[in-house]
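The values are calculated or read from the model by the stated rules, or taken from the named source; none is laboratory data. Being a predicted model, the structure only gives us computed values, none of them experimental. Note that we place each Cβ from the backbone using ideal geometry, even for glycine, and neighbour counts take in every protein chain shown. Calculation scope for accessible area: heavy atoms of the full protein, side chains included, ligands and nucleic acids excluded. Shrake-Rupley method; radii C 1.70, N 1.55, O 1.52, S 1.80 Å.
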Protein chains: 4
Amino acid sequence: MTAMRFFSDNAAAVHPAVMEALAAANHVDTAYDGDAISQSLDAAFSDLFETSCEVVWIATGTAANSIILAHFVRPWQGILCYEEAHIEVDECGAPTFYSGGAKLMTLPGAGAKIDAEALKARIAGIRKDVHQVQPAAISITNATEYGLAWRPDEVGEISEIARANGMKLHMDGARFANAVAFAGCSPADVTWRAGVDALSFGFTKNGAMMAEALVFFGGSGGAGVRELKKRGGHLLSKGRFVAAQIRAMLKDDLWLANARAANAGAQALAQACGGRLMHPVEANELFVRLSAEEAADLRALGFDFYDWGEGAARLVTSWDQDAAAVAPLAAAIAAL
Amino acid sequence: MTAMRFFSDNAAAVHPAVMEALAAANHVDTAYDGDAISQSLDAAFSDLFETSCEVVWIATGTAANSIILAHFVRPWQGILCYEEAHIEVDECGAPTFYSGGAKLMTLPGAGAKIDAEALKARIAGIRKDVHQVQPAAISITNATEYGLAWRPDEVGEISEIARANGMKLHMDGARFANAVAFAGCSPADVTWRAGVDALSFGFTKNGAMMAEALVFFGGSGGAGVRELKKRGGHLLSKGRFVAAQIRAMLKDDLWLANARAANAGAQALAQACGGRLMHPVEANELFVRLSAEEAADLRALGFDFYDWGEGAARLVTSWDQDAAAVAPLAAAIAAL
Amino acid sequence: MTAMRFFSDNAAAVHPAVMEALAAANHVDTAYDGDAISQSLDAAFSDLFETSCEVVWIATGTAANSIILAHFVRPWQGILCYEEAHIEVDECGAPTFYSGGAKLMTLPGAGAKIDAEALKARIAGIRKDVHQVQPAAISITNATEYGLAWRPDEVGEISEIARANGMKLHMDGARFANAVAFAGCSPADVTWRAGVDALSFGFTKNGAMMAEALVFFGGSGGAGVRELKKRGGHLLSKGRFVAAQIRAMLKDDLWLANARAANAGAQALAQACGGRLMHPVEANELFVRLSAEEAADLRALGFDFYDWGEGAARLVTSWDQDAAAVAPLAAAIAAL
Amino acid sequence: MTAMRFFSDNAAAVHPAVMEALAAANHVDTAYDGDAISQSLDAAFSDLFETSCEVVWIATGTAANSIILAHFVRPWQGILCYEEAHIEVDECGAPTFYSGGAKLMTLPGAGAKIDAEALKARIAGIRKDVHQVQPAAISITNATEYGLAWRPDEVGEISEIARANGMKLHMDGARFANAVAFAGCSPADVTWRAGVDALSFGFTKNGAMMAEALVFFGGSGGAGVRELKKRGGHLLSKGRFVAAQIRAMLKDDLWLANARAANAGAQALAQACGGRLMHPVEANELFVRLSAEEAADLRALGFDFYDWGEGAARLVTSWDQDAAAVAPLAAAIAAL
């Protein structure tokens, strides 16, 4: 099964270490986030990011993104993002819902990275009056929707624009682990040191069951975040079971090991794909040219993946699909 | 630890059968709700309730209540409920958030059951114009906030008023299992046969990890519920892990066995409390008169529970606290 | 007609001076609030209130109240008010709509003035956690819903509680003119000097056509108010026509003269009502005991007014109904 | 002054007939919309549009558009519109606010008319799942943001797409009068007969003071519209003064006469502009190529207008600016 599933890292199994952590957490008696596991997360992330962090955990990436953005903008303000960002096209309007009405304002960019010049032009084109929605935050995705990893200086270029215009910078890190594993930089370098105010750090796609962290850099996210979490119905009474997943993922850098495995699988497939690649392969997603006939051939062999418009497909590797595990698909593609 | 924890069934451990179901679900590869476990829930609840049901699962009771109510009312309408209902005092305004602004309109009632006469008078007192918020739904809690179980005819009395005024009837069943276990009626009798349109069926307090079901009776809840779930960030990519908890709870009526155990623990404590009881004990909550000194004495022995205003306390038993397990506390109370 | 209409000051005619101001404003060519009339309002109110004021005008009292309150609270917070306050029972949930979901939390009080002790107890009873909605503003109405005028020291008692709890204090002044005319105090004394942060100053009931002012004391209301106004569709392109009404009402204290006339009419009726009065008559509203038969008798004579529950009625005088104008009704009541 | 003001029809004076109607309405005593003038609007519009209409009046076009759209979509749905539509770029997010979060989804189109092929492609490209926002309404503007008038068959082409996809069709008619005056069709032909469900019929830019009508074709707009109006703070207590403006505008087709005058002024300018025109001139707006130097020259002569990006300007004529009135500007442009 593992050798056949390439439609989403969302569908992968939960890592055994996470399952063990859930079993261990079952011996803790405390409601809501009062338990020792939950209480330990601020320190754990502060260590990882080499700065004081305030961390709020939650079950989905959609909720993580929405709550951070709702915290950064008022209902009548806007959020600048890439035109195919997950928050724009795949969250059923959740950021607008949580923020009480904020407008997503979209921008183009190669490889799903917001283009800095387009960003500046867009901001300059907005009249500073009450008739037009004024953006108050920028959201970027790392790894991007097309599987590219942001470099610290690229993030810095965006954050400089954010700062100059009094905006907050959010990073949607549903695949943050894969991006960091590829870029080889420290988590700090590509986030707060480059000007990111808050990160949605995803674990679910990378081996957890349902666990994402809202990481606010620089001490505190400020009042309101926990109210948004509770009001959205995301405060679990047995919250220790989500905190425990995150602890397990952080322990001995399991998050990084898992991401490296998935990335290695992607690289192995990339070699097999050769000229079919539509974007450089950096994290764990491949976008490849594939005719309908070729796609049918691969599916006949049992491989499962999504079409990506006409004549193209998306392949995603997961933490349990390293280079060896993807060999059958690599061979099948090479044989097309 | 089990013998000492009486502050909330939210803090209890997860039942071993649920943990086993999670492990088993880890061998299923599908994202979102496309897996066989998730797909089986409609049929499972339809069997249990002896009618066609549409079921949506979610991680918290706050989200379950809010999404059902948001589905039943428009933003400018109201929701009638008991003045200390969980939706009114313990959900940070979540039903108003999900509904886009609906107003909670509160009513008195003995034992936290809405008083039918007060309900009729309240409805009659609302001018039918655009200046006043018009209620469109009634929400009752079973077991109630004071631990009482609704009887089918009592529910019918409320639903008759709902029907006569074109309103929907919602039941918050965070402790539905405990209520049914006490009342001895069928789940159908106290819900749709008595006029309930939708039920928040809670499993988290009764042995699950994080699992609640929105049960719509009569075939379908109608369009919009799944959009509200996704938009609220409650569509888990590995959703099978919540569905699996619910299947485990339904299997061989584990939900009923767990509730009976907790209720038995509550009855054992009730006998020890005698004249201290402020409400009849029907489900798994006890509200008892207890002086500050007596409370301190019990806490000195290691027992953990909440004060409930001055001179009173709340004791809650969980699925792992049957009559035998609560014997130490029963003895300590008797010895006060 | 004037002698017969007692159901609402909302139904009164527009004062001739206001009509003249509208005609005069028709010779000004500017869109939105860029005209000289609109620009002059900050200074005019700053003079009247003896402090620096920021003023935003709008067409209705519901919008004025809602925008001020939405500006003072975040969506997950609450607003404390009297249990029959206009914002609670007569605005179709507008303050919740504008604030993005804030909860109105109601309190009792004699004559529709919030009881200070009840207010303190209510605040003390709210757990400071994310489960319960935390109030961030208090709203009082002057004159109250039962026609009483707040004295400066009474306002001060409430504002002290607001300050001690980090809350803002709003005054709904739909009948502020009538209250000030009765109390004989300066507008400053009963507002900002007593701790009020913002006032909805109503002119529509007192001789204008559609004109209310949001008055923020102490320099500036802060960012966001004008966005709320525009977003609510309340920024009129020919806004000078509302600003002109307000200027006309302020000129030579027409607002005070009109209120005095209405109050005098109310006092004349009060003498005729004697023991029928249910509340002291201070502004321009009377609540009187009146049997169904008596009410029918008065209506048979042509008088128009609202019943106010069983055996009671509400009489409202307007700026064009001074003591002489109400003589027929006074005589009819005396003759009952 | 009239000869100099070309920056907006929003800045024009109120027509004398409207001023007279306001004076006449001052002799009517009724609150809210219970007066005879307000009650007569349904019939008046039903006559004009040759079908049964339900009409709700309001003070601004932003509110008119937002309430109709909020009535047509649920909070999690979308509204398709032209990428520079007024609702998208000039209303501070009001349609999203009123609808409780609906997403505006933009489309290109020549002359600000939505391109039918682009519309079909956009709809086809939306996955029918809960992850993507599903549009439920289409909004077109007539006259368009670039001053073009929709022909009945063009509207029909859009409405056919709307019907095929279960969507409602809204027409923003802030300058509906100018569009109808140019197209020479009946109001019915370009609205409901072409498939429009509701029209925002603007009068403010065309000689009224503050008056817009929400016109629902086919009998009734359905429940909820008046609640949205009240909840938005748009129910004026002395509402007769807005209804009276609309009656005055409809009387003897003043709306059409005013629009014809403004259009004639625009045509006179169009002749003077010749090759400078960027769009055909159909209604009362001209978009012309004009260097910074030329613009400065015209302004030095006293003419007032907006720049429209670099090297371009917008000229708008009003009801009081017919061909004769604009002669000075026409001459000045010709002399450039």
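Within the range D:283-306, residues that are closer than 17 Å to D:A272 by Cβ reach partners that are hydroxyl-bearing (S, T, Y) and open to solvent by less than 10 Å² (accessible area, probe 1.4 Å) with beta carbons closer than 6 Å, at six or more positions or on different chains, in the pairs D:N284/D:T317. Can we say A:A334 is of a type in the set (G, A, S), over 25 Å from A:N142 (Cα atoms) and free of Cβ contacts under 8 Å to residues at least 12 places away in the same chain? So A:A334 fails the test. Is it fair to say B:F287 is at pLDDT 95 or above, touching a His at 6+ places or on another chain (Cβ under 6 Å) and not charged (D, E, K, R)? Against the criterion (at pLDDT 95 or above, touching a His at 6+ places or on another chain (Cβ under 6 Å) and not charged (D, E, K, R)), B:F287 qualifies. One residue alone among C:L256, C:L228 is crowded, with 24+ Cβ neighbours inside 10 Å and touching a residue at least 40 places away in the same chain (Cβ under 8 Å), and that residue is C:L228.
Might you check whether a residue that is in a loop (DSSP other than H, G, I, E, B), under 29 Å from D:R314 (Cβ atoms) and under 20 Å from the mean Cα position of the chain (by Cα) occurs anywhere in the range D:273-280? The answer is yes; a qualifying residue exists. Looking across the range B:1-48, just one residue is under 17 Å from B:L236 (Cβ atoms) and of a type in the set (F, W, Y), and that is B:Y32. Quick one: would you say B:A3 is small (G, A, S), not assigned by TED's automatic domain parsing to the domain that holds B:N258 and not in a loop (DSSP other than H, G, I, E, B)? The answer is no for B:A3.
Checked against (1) more than 14 Å from chain A (Cβ to nearest Cβ); (2) open to solvent by less than 20 Å² (accessible area, probe 1.4 Å); (3) more than 21 Å from A:S237 (Cβ to Cβ); (4) of a type outside the set (D, E), B:Q132 passes all but a single condition, namely (2). The condition of being among the hydrophobic types (A, V, I, L, M, F, W, C) and assigned to a loop (DSSP other than H, G, I, E, B) does not hold for D:A259. Can you find, within the range C:150-177, the residue that is surrounded by the fewest Cβ atoms within 10 Å (Cβ to Cβ) among those that are in contact with an Asp or Glu (Cβ under 8 Å, 6 or more places away or on another chain) and farther than 20 Å from C:T106 by Cα? Among residues in the range C:150-177 that are in contact with an Asp or Glu (Cβ under 8 Å, 6 or more places away or on another chain) and farther than 20 Å from C:T106 by Cα, the one surrounded by the fewest Cβ atoms within 10 Å (Cβ to Cβ) is C:P152. Here C:H71 meets the list (1) away from chain D (no Cβ under 12 Å); (2) outside any helix (DSSP H, G or I) almost entirely, failing just condition (2).
The requirement of being under 30 Å from B:Q39 (Cβ atoms), of a type in the set (K, R) and at pLDDT below 95 is fulfilled somewhere in the range B:239-253, by at least one residue. Tell me whether the range A:269-282 contains one or more residues that are touching a helix residue (DSSP H, G or I) at 6+ places or on another chain (Cβ under 8 Å), open to solvent by 70 Å² or more (accessible area, probe 1.4 Å) and under 16 Å from A:A331 (Cβ atoms). For the range A:269-282, residues touching a helix residue (DSSP H, G or I) at 6+ places or on another chain (Cβ under 8 Å), open to solvent by 70 Å² or more (accessible area, probe 1.4 Å) and under 16 Å from A:A331 (Cβ atoms): present. Please work out which residue is least open to solvent (accessible area, probe 1.4 Å), limiting yourself to the range A:1-39 and to residues that are over 24 Å from the mean Cα position of the chain (by Cα) and modelled with pLDDT of 85 or more. Of everything passing the filter in the range A:1-39, A:A25 is least open to solvent (accessible area, probe 1.4 Å).
For the range C:97-121, residues that are more than 12 Å from every other protein chain (Cβ to nearest Cβ) and in contact (Cβ under 8 Å) with a residue 12 or more places away in the chain total 10. Looking across the range C:87-122, just one residue is polar (S, T, N, Q), over 13 Å from B:W76 (Cα atoms) and open to solvent by less than 40 Å² (accessible area, probe 1.4 Å), and that is C:S99. Applying the condition of being more than 7 Å from chain C (Cβ to nearest Cβ) and assigned to a loop (DSSP other than H, G, I, E, B) to the range D:8-26 and asking which residue is nearest to B:D129 (Cα to Cα) yields D:H15.
Every test in (1) surrounded by fewer than 20 Cβ atoms within 10 Å (Cβ to Cβ); (2) facing another protein chain (nearest Cβ under 9 Å) is passed by D:D42 save one, and that test is (2). Somewhere in the range C:215-227, is a residue within 28 Å of D:T30 (Cβ to Cβ), small (G, A, S) and not in a helix (DSSP H, G or I)? Checking the range C:215-227: not a single residue is within 28 Å of D:T30 (Cβ to Cβ), small (G, A, S) and not in a helix (DSSP H, G or I).
Going residue by residue through the range C:285-305, is there one that turns out to be within 14 Å of another protein chain (Cβ to nearest Cβ) and either of a type in the set (D, E, K, R) or part of a helix (DSSP H, G or I) (or both)? Yes, the range C:285-305 has at least one match. Exactly one of (1) over 22 Å from B:R226 (Cβ atoms); (2) in contact (Cβ under 8 Å) with a residue 12 or more places away in the chain is unmet by B:D42. Its number? Tallying (1) over 22 Å from B:R226 (Cβ atoms); (2) in contact (Cβ under 8 Å) with a residue 12 or more places away in the chain, B:D42 fails exactly one: (1). Evaluate the range B:250-265: report whether one residue or more is of a type outside the set (V, I, T) and in contact with a strand residue (DSSP E or B) (Cβ under 8 Å, 6 or more places away or on another chain). No, the range B:250-265 contains no residue that is of a type outside the set (V, I, T) and in contact with a strand residue (DSSP E or B) (Cβ under 8 Å, 6 or more places away or on another chain). Of all residues being in contact with a helix residue (DSSP H, G or I) (Cβ under 6 Å, 6 or more places away or on another chain) and surrounded by 23 or more Cβ atoms within 10 Å (Cβ to Cβ) in the range B:283-299, which is nearest to B:G311 (Cα to Cα)? Just the residue, please. Filtering the range B:283-299 for residues that are in contact with a helix residue (DSSP H, G or I) (Cβ under 6 Å, 6 or more places away or on another chain) and surrounded by 23 or more Cβ atoms within 10 Å (Cβ to Cβ), the one nearest to B:G311 (Cα to Cα) comes out as B:V288. Cβ-Cβ distances below 9 Å connect the following pairs, each with a first residue in the range B:49-69 that is farther than 24 Å from B:R193 by Cβ and assigned by TED's automatic domain parsing to the domain that holds B:N206, a second residue that is aromatic (F, W, Y) and outside any loop (DSSP other than H, G, I, E, B), and a separation of six or more residues or different chains: B:A63/B:Y98; B:S66/B:F97; B:S66/B:Y98.
Quick check: anything in the range A:132-141 in the same structural domain as A:L80 (by TED's automatic domain parsing), out of contact with any strand residue (DSSP E or B) (no Cβ under 7 Å at 6 or more places or on another chain) and over 28 Å from A:L315 (Cα atoms)? Looking for residues that are in the same structural domain as A:L80 (by TED's automatic domain parsing), out of contact with any strand residue (DSSP E or B) (no Cβ under 7 Å at 6 or more places or on another chain) and over 28 Å from A:L315 (Cα atoms), one finds at least one in the range A:132-141, hence yes.
Scanning the range C:45-68 for residues that are of a type in the set (A, V, I, L, M), open to solvent by less than 20 Å² (accessible area, probe 1.4 Å) and away from chain D (no Cβ under 14 Å) gives a single hit, C:V55. Residues in the range A:186-198 that are outside any loop (DSSP other than H, G, I, E, B) and within 22 Å of A:V18 (Cα to Cα): 0 in all.
Taking first residues from the range B:192-206 that are crowded, with 24+ Cβ neighbours inside 10 Å and partners that are of a type outside the set (S, T, Y) and at pLDDT below 95, the Cβ contacts under 6 Å between residues at least 6 apart in sequence or on separate chains come to B:K205/B:D9; B:K205/B:N10.
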